[in-house]
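The structure appears right after this line, and notes come after that.
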Amino acid sequence: MAAVPIVNSVDSIEARFVRITVTGADVYTGTWVSLTELRVFGEGEQTYSSVNDTAKKNVKISPNPATAEITIESEEVYDLVSVYDQSGRKLIQSPIKHLVTLDVSELQSGIYIVRLEGNYKPHVLKFVKL
């Protein structure tokens, strides 16, 4: 009996990372799985090789690292700012325009992802919370 592939089974949780879990492979009993194809769907984003690459878009987070609040400045107009932890959970979401100050005092120490959305492509930055 041939195994039936699991096709296009994606949950609706918005996240930055993809976790692959193989289920329903009832004919397979081995200790590892080989995937011949993986498709990930979502909106396109700019990928940066370092935090400093974000300066090309004239978007700035200050202070960085931060303790209580961050200020986001941009020459472009964005409508929404979201803050995610490293596992992709959305922790803060707020409407914005040119300048926004966000209270991050309740966040634990660590590295966070800031996503700006508007008429342009989404813009992603990182900041450190002390």
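Readers should treat all values here as calculations from the given coordinates under stated rules, not as data from a laboratory. Quick caveat: nothing in here was measured; it's all calculated off a predicted structure. Virtual Cβ from ideal backbone geometry, glycine too; neighbours counted across all protein chains shown.
Which of the three applies to region 63-102, rounded, prolate or oblate, going by the alpha-carbon gyration tensor with a ≥ b ≥ c and a/c under 1.5 meaning rounded? Judged from the Cα gyration tensor, region 63-102 comes out oblate (a/c at least 1.5, b/c at or above a/b).
Placing a pseudo-label 7 Å from each Cα along the Cα-to-Cβ vector at residue 69 and residue 91 gives an inter-label distance of 1.8 nm. Summarising the overall dimensions of region 51-129 from its C-alpha atoms, the Rg and Dmax are 11.4, 32 angstrom. Between residue 104 and 69, 70, the built amide H atoms are under 5 Å apart, and every one of these is 5 or more places off in sequence or on another chain. Computing FRET efficiency as 1/(1 + (r/R0)^6) for residue 106 and residue 130, where r is the C-beta to C-beta distance and R0 is 22 Å, gives about 0.95. Placing a pseudo-label 7 Å from each Cα along the Cα-to-Cβ vector at residue 77 and residue 119 gives an inter-label distance of 0.6 nm.
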